[in-house]
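Structure first, then comments.
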Amino acid sequence: MNESHSEKPFWNPYLAGMALGLVLLSSFLIMGRGLGASGAANRIGVAVVDAIAPAHVSANPVMASLKEDGMHPLDDWLVFEVLGVFLGGAVAALTAGRMKLGVLKGPRISSEFRLAFALTGGILMGIAARLARGCTSGQALSGGALLSFGSWVFMFSVFTGGYALARLMKREWL
Amino acid sequence: MIFPFDSLSAHHREFGLIVAVIIGFAFGFVLERAGFGRAPKLAAQFYLYDMTVFKVMFGAIVTASLGIVLFSQLGLVDLRTLSNWATSETFLWPMIAGGFLLGIGFIIAGYCPGTSAVAAASGNLDGLFAFIGVIIGSFIYSEAFPLFSKFHEASNLGHVYLYDLLHLPAPAVAAAVALMAILCFRGADKIEEYFSERLKRSGNTEFEENILPERHSRPARQSTFATFGGLALIACLTLLLNVRPDASHPSVLTLAQAELGKRVLKEPWRLRIIDLREREACFAARIPGSECIPLAELSTLALGEDMSGRDLVLVAGIDLHEIPAAAANYPGRVFILEKGFEGWKSFALSAPKHPGPSSSPDEIESYRLRAALYSSLTGAKQAPPPPPPAAGGGSPKKKSGGCSG
């Protein structure tokens, strides 16, 4: 862990929270939209399927609705926003000395298991985000800031779900 | 209302997409610097020894909500219009179930969808796998949609906001959330300390290397609390001083008798007409479809909660010079009927004078309307209007619909 000394420490969480809030506020003011992530993942999936089997996308009304009027599924505000998230995350990690290929996990689990868990958890979140009309970014954060009732219910539910399973998943993290 | 810049979504769409990348860049940058690109740090939230997730998220919500509420109080943005556009409607049970499932996915994957993107971008393969998982999960949902479709649409409450449920103005709710956050943050600091001490005593020393240090700073904490407190106070003060020059109703809108007459006949479902005269007078004769609510009782209607999107038309005896306070927070447009009910009497409840054959098309049009109103309201038939003037040289053609033009 010698190289970790060259890493910059993380921002103070309160200041980071305010900074994130200002980003969200500018998004509301300039574009009239909140931040999001899972919606873009959905569109990327549809675009991939569309490239392999376009007939399959057209046959599924939920997926077909993303390419109405001949629009490409990726031609959407949210996809460009998430492209920015990747760029911003990469630049931030590079400039803080944290850009490193690897697998992050607790000490008592193998990398293979960790990756399998990451994929499984991701799949569950993909399903959940569709059902809830958004994830922690689009629903909890953006809707929560606009004081939407459903977003607050969703947020409490996310924490409840996480805490409910935390004990069982302890080996993955501690 | 100045913000948001509508043109970025319509005319200058390409530029809007560039803005999307810039905003996303800032989003990803802040998330990474907050430590959200590392699963062990995020998962620590659920073992209570590092509450960064809670602090950053709640802090961001408070900052953005106080900000947007203050902009709205200054009349620069219409809070409800923006919110209806930027948020989804509330689907109560799907959101409870979806939230619970997302929480489960979060502790298994160690990321939420947005942070998995940041993790992948900073070289963490687990983040990449989680993001690919989100893509696969969304695809599964689309494939299996027929199974879920009924539950997907269940318990739709429409657009509901905390300030609707609490019957409080939005700035008061945002201020209350900010104060709650300050209290919760103090608690979170204590919880963090307690649980990390406990982990150390149990012999686990590796966890600290995994969550990496963050910049602990008392001044940062105190200045954040002071900022939240200060903005919350300002939000409340704007309510007391009533700084908002009726942001959504910049001036008194008057509705002409002819306009009301037309709309009563053609689209009564888009109007909510309230007759403010004394009950007896109103019951004796009123505009069709109107409610009889004397001015003093107007506040009992809770007009601020009418989400029907109809235009509100206030009818007084003669003229009403300003919108009563009880109607000022009506979410839609508020009109005052020109010359009040007296004006209506002479416009719609008295027989129109038959225009001569030499009258202009406008006069004939007005006669048609008044005749239609008069006959439908009183039951008395009126003579048909004169036929259009014979097609002479250069006679003005009657305005026709867009099709033939």
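The values are calculated or read from the model by the stated rules, or taken from the named source; none is laboratory data. In this text, all values refer to a predicted model and were calculated from it rather than measured experimentally. Counting neighbours? That spans all protein chains shown, and the Cβs are built from the backbone with ideal geometry, glycine included.
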Item to check | All helices (runs of 4 or more DSSP H) inside the stretch A:1-67 with 1 or more residues being at positive phi | outcome: none
Checklist entry - Is one or more of the residues making up the stretch A:88-104 facing another protein chain (nearest Cβ under 8 Å), more than 24 Å from B:Glu208 (Cα to Cα) and crowded, with 22+ Cβ neighbours inside 10 Å? => result yes
Checklist entry - Restricting the stretch A:36-69 to residues that are closer than 12 Å to B:Ser138 by Cβ and more than 8 Å from chain B (Cβ to nearest Cβ), which is surrounded by the fewest Cβ atoms within 10 Å (Cβ to Cβ)? => result A:Ala47
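Can you pull out the residues in the stretch B:256-294 that are more than 30 Å from B:Gly158 (Cα to Cα) and buried (at least 17 other Cβ atoms within 10 Å of the Cβ)?
B:Gln257, B:Gly261, B:Leu276, B:Arg277, B:Cys282, B:Arg286, B:Ile287 - these are the residues of the stretch B:256-294 that are more than 30 Å from B:Gly158 (Cα to Cα) and buried (at least 17 other Cβ atoms within 10 Å of the Cβ).
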Checklist entry - Hey, does the stretch B:282-292 have a residue that's under 17 Å from B:Tyr330 (Cβ atoms) and either in a helix (DSSP H, G or I) or basic (Lys, Arg) (or both)? => result no
Checklist entry - Which of (1) closer than 22 Å to B:Ala119 by Cβ; (2) within 7 Å of chain B (Cβ to nearest Cβ); (3) buried (at least 19 other Cβ atoms within 10 Å of the Cβ) is the odd one out, the single condition A:Met18 does not satisfy? => result (1)
Next on the checklist: Any residue at all in the stretch A:161-170 that's surrounded by fewer than 19 Cβ atoms within 10 Å (Cβ to Cβ) and not in a helix (DSSP H, G or I)?
Outcome noted: yes
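Let's see how each residue does on (1) under 27 Å from B:Ser196 (Cα atoms); (2) modelled with pLDDT under 95; (3) more than 7 Å from every other protein chain (Cβ to nearest Cβ):
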position: B:Phe5; (1), (2), (3): no, yes, no
position: B:Ile22; (1), (2), (3): no, no, no
position: B:Phe29; (1), (2), (3): no, no, no
position: B:Gly59; (1), (2), (3): yes, no, no
position: B:Ala86; (1), (2), (3): no, yes, no
position: B:Gly99; (1), (2), (3): no, no, no
position: B:Leu102; (1), (2), (3): yes, no, no
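Go through B:Thr300, B:Thr224 for me and flag whichever is at pLDDT 80 or above, part of a helix (DSSP H, G or I), surrounded by 15 or more Cβ atoms within 10 Å (Cβ to Cβ) and of a type outside the set (D, E, K, R). Before you say what the answer is, go through the steps one by one.
Working: B:Thr300 fails: surrounded by 15 or more Cβ atoms within 10 Å (Cβ to Cβ).
None of the others qualify; the one that does is B:Thr224.
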Checklist outcome for this item: For the stretch B:93-121, pairs from a residue that is crowded, with 24+ Cβ neighbours inside 10 Å to a residue that is among the acidic types (Asp, Glu) and part of a helix (DSSP H, G or I), with Cβ under 8 Å and 6 or more apart or across chains, are B:Ile108/A:Glu172; B:Ala109/B:Asp126; B:Gly110/A:Glu172; B:Gly110/B:Asp126; B:Tyr111/B:Asp126; B:Val118/B:Glu32; B:Ala119/B:Asp126; B:Ala121/B:Glu32
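Among the residues of the stretch B:320-354, write down those that are more than 32 Å from the chain's Cα centre (by Cα), surrounded by fewer than 16 Cβ atoms within 10 Å (Cβ to Cβ) and part of a loop (DSSP other than H, G, I, E, B).
Residues of the stretch B:320-354 more than 32 Å from the chain's Cα centre (by Cα): B:339, B:341-354.
Still in the running and surrounded by fewer than 16 Cβ atoms within 10 Å (Cβ to Cβ): B:342, B:345-346, B:349-351, B:353-354.
Of everything in the stretch B:320-354, those that are more than 32 Å from the chain's Cα centre (by Cα), surrounded by fewer than 16 Cβ atoms within 10 Å (Cβ to Cβ) and part of a loop (DSSP other than H, G, I, E, B) turn out to be B:Leu349, B:Ser350, B:Ala351, B:Lys353, B:His354.
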Item to check | Failed item, numbered, when B:Phe36 is tested on (1) more than 27 Å from the chain's Cα centre (by Cα); (2) part of a helix (DSSP H, G or I); (3) aromatic (Phe, Trp, Tyr); (4) closer than 20 Å to A:Gly144 by Cβ | outcome: (2)
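Answer yes if at least one residue in the stretch B:57-74 is surrounded by fewer than 18 Cβ atoms within 10 Å (Cβ to Cβ) and either touching a residue at least 24 places away in the same chain (Cβ under 8 Å) or not in a helix (DSSP H, G or I) (or both), and no otherwise.
Of all residues in the stretch B:57-74, those surrounded by fewer than 18 Cβ atoms within 10 Å (Cβ to Cβ) come to B:74.
With the extra rule that they be either touching a residue at least 24 places away in the same chain (Cβ under 8 Å) or not in a helix (DSSP H, G or I) (or both), the set shrinks to B:74.
Scanning the stretch B:57-74 turns up at least one residue that is surrounded by fewer than 18 Cβ atoms within 10 Å (Cβ to Cβ) and either touching a residue at least 24 places away in the same chain (Cβ under 8 Å) or not in a helix (DSSP H, G or I) (or both).
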Checklist entry - Do you know which residues across the stretch A:106-141 are surrounded by fewer than 24 Cβ atoms within 10 Å (Cβ to Cβ), facing chain B (nearest Cβ under 7 Å) and not in a helix (DSSP H, G or I)? => result A:Gly106, A:Pro107, A:Arg133
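So, in the stretch B:189-221, how many residues would count as being in a helix (DSSP H, G or I) and within 8 Å of chain A (Cβ to nearest Cβ)? First the steps, then the outcome.
The initial filter retains those residues of the stretch B:189-221 that are in a helix (DSSP H, G or I), namely B:189-201, B:207-211, B:218-221.
When the remaining residues are screened for being within 8 Å of chain A (Cβ to nearest Cβ), the result is B:199, B:207, B:209-210, B:220-221.
Residues in the stretch B:189-221 being in a helix (DSSP H, G or I) and within 8 Å of chain A (Cβ to nearest Cβ): 6 in total.
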Checklist outcome for this item: Taking the stretch A:42-78 and keeping only residues that are of a type in the set (Lys, Arg) and touching a residue at least 24 places away in the same chain (Cβ under 8 Å), one is left with A:Arg43
Item to check | Residue that is surrounded by the most Cβ atoms within 10 Å (Cβ to Cβ) [pool: residues in the stretch A:142-151 that are without any contact (Cβ under 8 Å) to a residue 12 or more places away in the chain and hydrophobic (A, V, I, L, M, F, W, C)] | outcome: A:Leu147
Item to check | Test: residue in the stretch B:239-251 that is at pLDDT 75 or above, farther than 30 Å from B:Ser65 by Cβ and of a type in the set (A, V, I, L, M, F, W, C) | outcome: no
Item to check | Residue among B:Ala119, B:Ala154 that is more than 14 Å from A:Ala128 (Cα to Cα) and either within 7 Å of chain A (Cβ to nearest Cβ) or not in a helix (DSSP H, G or I) (or both) | outcome: B:Ala154
Item to check | Among (1) in contact with a helix residue (DSSP H, G or I) (Cβ under 8 Å, 6 or more places away or on another chain); (2) more than 8 Å from every other protein chain (Cβ to nearest Cβ) - the single one A:Ile30 does not satisfy | outcome: (2)
Checklist entry - Does B:Ile140 meet the test of being facing another protein chain (nearest Cβ under 7 Å) and either surrounded by fewer than 17 Cβ atoms within 10 Å (Cβ to Cβ) or in contact with a Pro (Cβ under 8 Å, 6 or more places away or on another chain) (or both)? => result yes
Item to check | Qualifying positions in the stretch B:43-53 - farther than 18 Å from A:Gly36 by Cα and more than 7 Å from chain A (Cβ to nearest Cβ) | outcome: B:Ala44, B:Gln45, B:Leu48, B:Tyr49, B:Asp50, B:Met51
Next on the checklist: Looking at the structure I just gave you, is B:Ser366 farther than 30 Å from B:Glu89 by Cα, among the small types (Gly, Ala, Ser), outside any loop (DSSP other than H, G, I, E, B) and touching a Lys or Arg at 6+ places or on another chain (Cβ under 6 Å)?
Outcome noted: no
